[in-house]
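Written out below as structure tokens is the structure these notes cover.
All of the numbers you see were taken from the coordinates with simple rules; none came from a lab. The structure presented is a predicted model; accordingly, all values stated were derived computationally and were not measured. Heads up, the Cβs are rebuilt from the backbone with ideal geometry, glycines too, and the neighbour counts pull from every protein chain shown.
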Ligand code: ACO
């Protein structure tokens, strides 16, 4: 069978680091409050010349290099983002053109924090069907641009960044237990929860982008259940259990949500990759950024069984289980 095998990973962060202490100079908050409630210590904030397309492009170039591939090899680009440079054209086509790729297809996916896992799921359908050969899946967001910097209940939580993954269709024996590549993906959504985490505007309603608003407690209340549901779906589809995982790479929104989910699923703490302390919640970028950190420091290696999971605005939620 054809499976989508991960060939490389890369990431990019804005230059400017903003610590909790620095935020506390302009917002009524404290390092202690932020660390205790979220685990976040700092975040990166995009400057004037840093946008979703420039960060996404830098991450894509790093992933291509890591994969040993050139732009000519790529025939599918999927960019997960909620903060495109422009209403249109898509960030994916902008990155495609800057990479010098004039063949294949490129499009954006909008599933907020779950976008990268949605992107992996979509790429996997294209690659395993045989229609495309090699995909770049990019998760990028610059949520700082749509934050209300006077709302301390949201502005302390988010950061900017980008991560990218190169996945290639490769023939595998067809044994889910030993094959390399994406083994199963599960994507879900329920629009009834939309107002709990949303932007206050958009091109068709207000003509402006609006600002991010969130009922934090409501998001928290649903997060753990939704996350564990899609992970259990992955276990049901493959026969694997939490014991079998080498790494658990969750969306990095809040350390308390990650810890509760791992605890409920019986995933040992040493298998959980945590980067929310240094990146904050980077929305669609958080998982490929975390993968990049754990790959670069030598934790994630070929043959490892890796569970990706995310939940975010919509609500949307998703899991992807893969053997690196
Ligand atoms: N600094 C200091 N005090 C603050 C801050 C702040 N930045 N923000 C809120 N407070 C105050 C509140 O005003 C409140 O004060 P009060 O008791 O006098 O009214 C108090 O702290 C407690 O506020 P709560 O909202 O009850 O705090 P809670 O423990 O629920 O933590 C948080 C808030 C961190 C947002 C939490 O609800 C949460 O993590 N929710 C999940 C949301 C999330 O992570 N979303 C990410 C996007 S979605 C996703 O990616 C999954």
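Of 208, 261, 292, which has the largest mean-square fluctuation in a 10 Å C-alpha GNM of the chain?
208
Mind listing P(r) for region 179-324? All alpha-carbon pairs, 10 Å bins, whole percents.
11, 41, 32, 12, 3
Where the Cα atoms of region 100-241 are projected onto their three principal axes, how long is each span, largest first, in whole Å?
Principal axes ranked by extent give 54, 42, 25 Å for the Cα atoms.
Residue 103 versus residue 19, label points 7 Å from Cα toward the beta carbon: distance in nm?
Spacing of the two 7 Å Cα→Cβ label points: 5.1 nm.
Relative to the present Cα-Cα distance, how much length would full extension add between residue 277 and residue 178 at 0.36 nm per residue of separation?
32.3 nm
Taking 8 Å as the Cα distance limit and 6 or more residues as the minimum spacing, I'd like the relative contact order of the chain as a percentage.
Relative contact order of the chain: 26 percent.
Measure out, as a whole number of angstrom, how far apart the alpha-carbon centroids of region 245-324 and region 14-29 sit.
Here the two parts' Cα centres lie 25 Å apart.
For region 274-324, what class follows from the C-alpha gyration tensor (a ≥ b ≥ c being the square roots of its eigenvalues): rounded when a/c is under 1.5, otherwise prolate if a/b is larger than b/c, else oblate? Kindly include the intermediate steps, with their values, before the conclusion.
Working: a/c = 3.38, a/b = 1.33, b/c = 2.54.
Cα axes put region 274-324 in the oblate bin.
Tell me what the chain gives for mean residue ellipticity at 222 nm when only DSSP H runs of n ≥ 4 count, each as -39,500 (n - 2.57), the sum divided by the residue total, rounded to 500 deg cm²/dmol.
Estimated from H runs of four or more residues: -9500 deg cm²/dmol.
Which of 209, 117, 182 moves most in a GNM of the chain, Cα contacts under 10 Å?
In this elastic network of the chain, the residue with the biggest mean-square fluctuation among 209, 117, 182 is 209.
Take the Cα atoms of region 165-262, build their convex hull, and give its volume per residue in Å³.
Output value, Cα hull per residue: 160 Å³.
So which residue, out of 33, 247, 149, gets the largest mean-square fluctuation from a GNM of the chain using Cα contacts under 10 Å as springs?
Most flexible of the set in this elastic network: 33.
Compute log10 of I(q)/I(0) for region 2-171 with the Debye formula, placing one identical point scatterer on every Cα and leaving out solvent, at q = 0.08, 0.09 Å⁻¹, to two decimals.
-0.27, -0.33
Between residue 72 and residue 190, what's the calculated FRET efficiency when r is the beta-carbon distance and R0 is 56 Å? Round to 0.05. Each step should come with its number before you reach the end.
On the way: r = 41 Å, r/R0 = 0.72.
After rounding to 0.05, the efficiency reads 0.85.
Among rounded, prolate and oblate, which fits the chain when a ≥ b ≥ c are the square roots of the eigenvalues of its C-alpha gyration tensor, a/c under 1.5 means rounded, and a/b larger than b/c means prolate?
oblate
Classify region 148-190 from the C-alpha gyration tensor, please: rounded if a/c falls under 1.5, else prolate or oblate depending on whether a/b exceeds b/c.
prolate
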